[in-house]
Amino acid sequence: MIYQILEQGKSSRECLERVQRRHNPRDNAWLQEMSLGVMRRLPTLQTWLRTLLDRPLKGNKKVIEHLILLGLYQLSFSRVSQHAAVGETVAAAPYLGGAGLKGLVNAVLRNFQRDGLAEQPINDPIINSGLPKWLYKAVDEAYGFDANAVREATNGMAPIWLRVNTQQTSVDNYKQALDSVNVSYALSEAHPEAIILEKREDITALPGFENGEFAVQDGAAQLAAHYLQAKPNERILDCCAAPGGKTGHIAELTPKLSYLLALDMDAGRLKRVEENMARLKHTVDIKQGDAANPSTWWDGKLFDRILLDAPCSATGVIRRHPDIRWLRKASDITNLVTLQRQILDALWALLAPGGTLLYATCSILPQENKLQIQQFLKDTPEASLLPLIKTETVDNPGRQILPSEQQMDGFYYARLVKSKS
């Protein structure tokens, strides 16, 4: 799986789902911890590997390098015993077509232990940050003196947030259900439907899962439906909606909408929306369509409110999906900014006079966020800013949430209103 992410550009979510179908929950938790742990520590692990290998492995042997990275991670950053880490890593080589390389794997790991590389400091702040060079510098440029704190938070572990489905139960009742099975949790004053688990749990085994009494949704994402402020009898578009967390929350907060459309371009991810809406017992319209090309899916009726969860770098959720840092490139940002603006312009035409568009990303990069909205406001006379926080101005629009702020993921929101005339 590590090889698939780093060499084939596949996401951890895609790889894990495929692998975890073949294993039990305990093994799945270990698989996730190990593979994502390697993503977090990759620059350090690769530095050690370059020291230990005389020359890189090539061709179909390359996968064995990734196996060694896993062994190094277990030896240095996991609770796995030293003996088991070496033994199991060596034993895995034949399953990856490396039967003839078992001796090499064993020698590399034994030399790592003997030389004490884990105790030797690496005097390179970029390597120690666990981030690619382009992202390290981008955070520096955006956050200056606060950059180190942002990078440390990006490398932290994300808590699991639940959103209680208030159409099926109440927060108080759901707290009692968790108490009855001794699940520890915390609450957040800024998130009225939220419960934060204090340790990792098997989500499907929690009370009320099958009955749709809750959804898993980070606290930053839970702000979207509240910021949108949908009202009864309105027409709402949730754009780029998969996997449907925000769609469900909108339906829960305002059950008497005239129409709620969940739109996404990815047919595979739309199946997740359908599954989630069915479990949560929400009835919404679900369509596949390109947000930048409304003529292929729009019914011609204007929307009162639009939530645009725009395609982005996802740099705000790296602590939750650490492979993102290796799947993204610096050149992606320019392309994403262009796409975001195309979608913004296309959807703005679908918004009724006096309507609200809530722009959202799970990014921490200003180009995708406040700079994007600054430019849109300059270019769009009928658009004005409806502040979400007191410090907002046209020159500094929106709310930028940084990773770990109130335990949330990194996120950005800006709320725009279309003039009535």
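The values are calculated or read from the model by the stated rules, or taken from the named source; none is laboratory data. Worth saying up front: this structure is predicted, and the values here are computed from it rather than measured. Note: ideal-geometry Cβ built from the backbone for every residue, glycine included; neighbour counts use all protein chains shown.
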Counted residues in the range 175-222 being part of a strand (DSSP E or B) and in contact with a Lys or Arg (Cβ under 9 Å, 6 or more places away or on another chain) come to 6
The lone condition residue 131 fails out of (1) assigned to a helix (DSSP H, G or I); (2) surrounded by 18 or more Cβ atoms within 10 Å (Cβ to Cβ) is (1)
Going through the range 305-345 in order, the residues found to be touching a strand residue (DSSP E or B) at 6+ places or on another chain (Cβ under 6 Å) and acidic (Asp, Glu) are 309
Restricted to the range 225-280 and to residues being touching a residue at least 60 places away in the same chain (Cβ under 8 Å) and in contact with a Pro (Cβ under 9 Å, 6 or more places away or on another chain), the residue surrounded by the fewest Cβ atoms within 10 Å (Cβ to Cβ) is 255
Those residues of the range 301-318 that are surrounded by 21 or more Cβ atoms within 10 Å (Cβ to Cβ), touching a residue at least 60 places away in the same chain (Cβ under 8 Å) and part of a loop (DSSP other than H, G, I, E, B) come to a total of 2
Report task. Taking residue 231 as the residue in question, decide whether it is touching a strand residue (DSSP E or B) at 6+ places or on another chain (Cβ under 8 Å), charged (D, E, K, R) and part of a helix (DSSP H, G or I). Result -> no
All conditions in (1) out of contact with any helix residue (DSSP H, G or I) (no Cβ under 6 Å at 6 or more places or on another chain); (2) in a helix (DSSP H, G or I) are true of residue 250 except (1)
_So, residue 150, is that one in contact with a Phe, Trp or Tyr (Cβ under 7 Å, 6 or more places away or on another chain), at pLDDT 95 or above and surrounded by 16 or more Cβ atoms within 10 Å (Cβ to Cβ) or not?_
yes
The residue that is farthest from the chain's Cα centre (by Cα), considering only those in the range 287-315 that are within 23 Å of residue 327 (Cβ to Cβ) and of a type in the set (A, V, I, L, M), is 292
